[in-house]
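A short write-up of the structure that comes next.
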Amino acid sequence: MFQRILIANRGEIALRIIRACREMGIESVAVFSEADRGAHYLELANEAYCIGPAAASDSYLLINRLISVAEIGNVQAVHPGYGFLAENAHFAKVCRDCNIEFIGPPHEAMSQLGDKVSARAIAMAAKVPCVPGSDGLLTDVNEAVKVANEIGYPVLIKATAGGGGKGMRVAGNEVSLRAGLQAASAEAEKAFGNAGVYLEKFVERPRHVEVQVLADHHGNVVHLWERDCSMQRKHQKLIEESPAPNLPDEVRQDICNSAVRLVKESGYQNAGTVEFIVDKDYNFYFIEVNARIQVEHPVTEMVTGIDLIKQQILVASGAKLPFEQKDIPCNGSAIELRVNAEDPDNDFRGSPGKITKLRQPGGLGVRFDSHVHEGYTISPYYDSMIGKLIVHRQTRDDAIATMKRCLREFSVEGVKTTLPLAAKMFNNSDFVAGTVDTTFVERTW
Ligand code: ADP
């Protein structure tokens, strides 16, 4: 087992990893940018090193500085958290080349799954349903038109290197397909340095359902059930829950088993998430793998009772998974709300600044994962998340009631927050009925 781990991240996920290390008797080495100097969570690490100025490109994204800290801090492993370098296969490889274990998948599996076209090919080989679309990358416009005629409009043009919704375009007819291809390709080239695009049938009003998986280095793969993350805005998740509401048990089993097959096919190890969209008839289609721990991992921890960060560290150290599929429960209902410092009245623009007053909720079944405190300044340089409020109760109705009670207790002053939108979401009859799709927020508010 590792004695010391470097945490190549910041904020709430850095704190989450520090906490897991402390419980496991592992020492943690943290890093911080000048903007994060003095953050309280850094005091909980055994050591902390400044790695540069505020801009992530000058600090949290600099592989050479992180490797230097790993050497100075004498660590045996690096946990990348989410965001920043978490899905950078080059970073994973550099760590391992330096004899430092990267707590995540093999870099080969990460590269293959990070490319959407090759991920689709892996999914197909594993007999996992994919959205009907082109076989691989599109080479010319006429081929795209031919595929679109076969699968039927509307179609979605997607960048193979895509992420964060960039390079995606819906085309309702041939004219917009021809124009959209060029635009999407140019956008992808600019954002990812890879102009490759492909086509998928555009699924109308889908739900987003994803499966948490864990795979060890000994060929054991399990799923930890699913999360529904359909409440989104601009492809950013606002609420995540487990189990997914209104998902027939057969479909649920099928989705979870598909995720396990895909992971086995790809040679993936460690924690990962297989994402699907589900249409109104409960047909489900693979969309992508997130090769890292996700923001919304706590809902899975609450229903299964399994500490995912701890399992990531154990698996990376070579340990066998300590449970089998049949031993993994899904108890009660857990819901997570992301609380962001954003201005809902101003197109959700980030609202950085000092938190002058903070009253956070508590009580039975309530977990608040956050690194902020009264007097903390939310930096404009990073994401605007204040924290994640997670409730876990025996039923979904109880969890919603607890969440509503928490929202009445919760107060943040000094910055604008998404809390007013949260109150609307948890009081919305469609959300309460569990019938929202990924277009719901934009259509409704
Ligand atoms: P990115 O990696 O850019 O986030 P994803 O492939 O994960 O892209 O898709 C992001 C979101 O776009 C999904 O959660 C879903 O809401 C929507 N989406 C993706 N593919 C389709 C599709 N074929 N039809 C309809 N919506 C889709």
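The values are calculated or read from the model by the stated rules, or taken from the named source; none is laboratory data. Every value quoted in this text rests on a predicted model; they were computed, and no experiment measured them. So basically every Cβ, Gly included, is an ideal-geometry build from the backbone, and we count neighbours across all protein chains shown. Just so you know, the surface numbers come from the protein's heavy atoms only, side chains and all, with ligands and any DNA or RNA stripped out. Shrake-Rupley method; radii C 1.70, N 1.55, O 1.52, S 1.80 Å.
Only bridges with both residues in the chain count here: give the DSSP antiparallel percent, nearest 5. Write out the running numbers ahead of the final one.
Working: 57 of 71 bridges.
Close to 80 percent.
Pull up all non-local amide H partners of Val131: gap of 5 or more, or a different chain, and H-to-H distance under 5 Å with H placed in the peptide plane.
Phe286
Quick check: net charge around Val155, other residues with Cβ under 11 Å of its Cβ, Lys/Arg +1 and Asp/Glu -1?
Numbers: positive: Lys158, Arg169, Lys201; negative: Glu150, Glu174, Glu200.
Charge balance near Val155 sits at 0.
Taking H as built 1.01 Å from N, whose amide H comes closer than 5 Å to the amide H of Ser230, not counting residues under 5 places away?
Amide H neighbours of Ser230, under 5 Å, 5+ apart: His208.
Could you please state how large a percent of the accessible area of the chain is carbon and sulfur, counting protein chains only and using a 1.4 Å probe?
Working: 8650 of 17970 Å².
After summing per-atom areas, the C and S share lands at 48 percent.
As an exercise, take the mean of 1/r over every pair of distinct alpha carbons in the range 207-444, invert it, and state the Kirkwood radius in angstroms.
On the way: mean 1/r = 0.0540 Å⁻¹.
One over the average 1/r among Cα pairs gives 18.5 Å for the range 207-444.
Solvent-accessible area per residue for the chain at a 1.4 Å probe radius, Å²?
Working: 17970 Å² over 445 residues.
Heavy-atom SASA per residue in the chain reads 40 Å².
About its Cα centre, what dipole magnitude does the range 222-279 give when the only charges are +1 on Lys and Arg Cβ and -1 on Asp and Glu Cβ, stated in debye to the nearest 20?
Numbers: 7 positive and 10 negative charges, 60 e Å.
It works out to roughly 280 debye.
For the chain, with only Lys/Arg (+1) and Asp/Glu (-1) charged at the beta-carbon, what is the dipole magnitude about the Cα centre, in debye rounded to 20?
Details: 48 positive and 57 negative charges, 112 e Å.
Using only the charged Cβ atoms, the result is roughly 540 debye.
Take the alpha carbon atoms of the range 347-370, find their center, do the same for the range 410-433, and report the distance between the two centers in whole angstrom.
Distance between centres, Cα-based: 12 Å.
Students often forget the sequence filter, so: which lysines lie under 28 Å Cα-Cα from Lys146 once same-chain residues fewer than 8 apart are removed?
Lys116, Lys127, Lys158, Lys166, Lys190, Lys201, Lys280
Dipole size in debye (nearest 20) for the range 378-424 around its Cα centre, Lys and Arg Cβ +1, Asp and Glu Cβ -1?
Values: 8 positive and 5 negative charges, 33 e Å.
Dipole about the Cα centre, nearest 20: 160 debye.
For the chain, what does the relative contact order come out to in percent, with C-alpha contacts under 8 Å and a separation of six or more?
On the way: 952 pairs, mean separation 62.7, N = 445.
Result for the chain is 14 percent.
Taking amide H atoms as placed 1.01 Å from N in the peptide plane, list the residues 5 or more away in sequence, or in a different chain, whose amide H sits under 5 Å from that of Glu101.
So Glu101 has HN proximity to Ala77, Val78.
Once each part is reduced to its C-alpha centroid, what is the distance from the range 304-343 to the range 19-63 in angstrom?
23
At 1.4 Å probe size, what's the solvent-accessible area of Ile355? Round to the nearest 10 Å².
Ile355 has an accessible surface of roughly 0 Å² with all protein chains in place.
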